[in-house]
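Below is one structure, written out as structure tokens; comments come after it.
The values are calculated or read from the model by the stated rules, or taken from the named source; none is laboratory data. The model shown is predicted, which means the values in this text are computed figures rather than measured ones. Please note: Cβ atoms are built from the backbone with ideal geometry, for glycine as well, and neighbour counts cover all protein chains shown. Ligands, DNA and RNA are excluded from the accessible area calculation, which covers all protein heavy atoms including side chains. Shrake-Rupley method; radii C 1.70, N 1.55, O 1.52, S 1.80 Å.
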Amino acid sequence: QILWCTGTMGALSTRKLELISTSGAGERALQERQRQHMARGLPKQKPIAGVKEVIVVASGKGGVGKSTTAVNLALGLMANDQSKSVGLLDADVYGPSIPKLMNLKGNPELTDKNLMRPLVNFGIPCMSMGFLVEEVAPIVWRGLMVMSAIEKLIRQVDWGNLDYLVIDMPPGTGDVQLSITQNIPVAGAVIVSTPQDIALLDARRGAEMFRKVNVPVLGLVQNMSVFQCPKCSHQTHIFGSDGAKELAQTLGVEMLGDIPLHLNIRETSDKGQPVVVSSPDSPEAEAYRRVAAAVVRRLAEHPR
């Protein structure tokens with residue numbers, strides 16, 4: 001009787017294991033079907049005509065210097081290699097900054113194919129919603145209208161032939177980010193953050209979002225990393241020190257560079273004369289060029 005019970009229990013255990021194994025296989029098959037179903041519902045990525053590589057510059061939070069970084073990154077890419085052609089797209093529909101930062105005004109002209117011609121300054125063709133509306137006009141649009149505007153800014157522009165298109169993304173992880181990453185192949189994302197904890201929390205969300213949509217995170221830029229007194233040269237870490245470096249280590253991504261909190265960057269940006277072109281020999285311009293060089297190296301490591 002004891003032997004019978006033992007045999008029965010063994011058979012039951014074996015059957016239980018078989019059921020668990022079958023259940024696990026069934027669950028994996030279900031997950032794969034769900035993934036395929038979701039993939040069918042997503043738009044098919046289509047490259048932008050004439051553009052070799054797309055680089056998105058993003059941040060989880062506004063006010064961390066993302067747009068200034070995007071502008072100087074684009075200029076830095078061209079400064080490091082004059083043979084490269086670089087464009088700049090302002091995808092921040094609600095708060096476009098590129099017209100001010102690049103000192104550009106006016107409405108784009110149309111080509112014979114009814115495509116908009118980008119406005120050009122410092123050798124960089126630029127497109128922004130700011131060229132299509134009044135400077136102080138608020139853009140009060142729902143999601144679908146924003147998606148339509150982004151599609152036009154991407155597809156209905158005569159970009160010519162570009163080695164790099166730098167896209168200044170809006171802050172956060174919303175519709176615009178998903179629309180761009182799902183509709184065009186993105187070579188990599190650059191995450192901009194200040195060293196303070198509250199900004200780093202959102203920077204991490206931004207990095208994780210790009211990973212979920214299979215966009216390589218090229219690395220982090222620590223902006224406003226240190227303030228140096230112009231009179232006594234004493235350095236003060238106003239927003240904390242090395243926060244972005246620690247986050248980069250946690251995420252397993254590279255630290256692309258540090259940008260100081262410097263009056264020269266703010267003044268040149270407000271004048272529409274970015275520091276990379278207006279003060280090319282300054283330490284601030286050199287910091288942006290180092291970031292640009294790091295981005296190019298990272299792109300070579302992640303060919304798409």
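Each of the peptides 114-126, 85-97 was scored by the mean count of other Cβ atoms within 10 Å over its residues; in descending order, highest first, they stand as 85-97, 114-126. Between V120 and Q249, the simple spin-label model (points 7 angstrom out along Cα→Cβ) gives 4.6 nm.
Of all DSSP beta bridges confined to segment 51-301, the antiparallel ones make up roughly 20%. For I167, the residues whose modelled amide H falls within less than 5 Å of its own, excluding neighbours fewer than 5 places apart on the same chain, are I55, V56, V57, L89.
Could you do me a favour and compute the accessible area per residue for segment 39-189, 1.4 Å probe, result in Å²?
46 Å²
Restricting the trypsin sites (Lys or Arg not before Pro) of segment 130-227 to loop positions (DSSP other than H, G, I, E, B) with no more than 11 neighbouring Cβ atoms within 10 Å leaves R142. Let me check against my output: what whole-number percent is the relative contact order of segment 51-301, with C-alpha pairs under 8 Å and at least 6 apart? RCO, segment 51-301: 26 percent. Modelled this way, with points 7 Å down the Cα-to-C-beta line, the labels at R155 and E286 are 4.6 nm from one another. Couplings 3J(HN,Hα) of segment 176-181, computed from phi: 5, 4, 5, 4, 5, 5 Hz, in residue order, whole Hz [Karplus 6.51 cos²θ - 1.76 cosθ + 1.60, θ = phi - 60°; x for Gly and Pro]. Summary value for segment 158-304: 20 percent relative contact order, contacts being C-alpha pairs under 8 angstrom separated by 6+ residues. Residue farthest toward the positive end of the dipole of segment 51-301, with Cβ of Lys/Arg at +1 and Asp/Glu at -1: which of M147, L132, L104? Projecting each Cα onto the dipole axis, the largest value belongs to M147. Please enumerate, by chain and number, the lysines with C-alpha under 26 Å from the C-alpha of K100, excluding those fewer than 8 residues away in the same chain. In chain and number order, the partners are K61, K66, K84, K152, K271. Do you know the relative contact order of segment 90-222, to the nearest whole percent, from alpha carbon pairs under 8 angstrom that are 6+ apart? It rounds to 23 percent for segment 90-222. Computed from point charges on the beta carbon alone (+1 for Lys and Arg, -1 for Asp and Glu), the dipole magnitude for segment 51-301 about its Cα centre is near 200 Debye.
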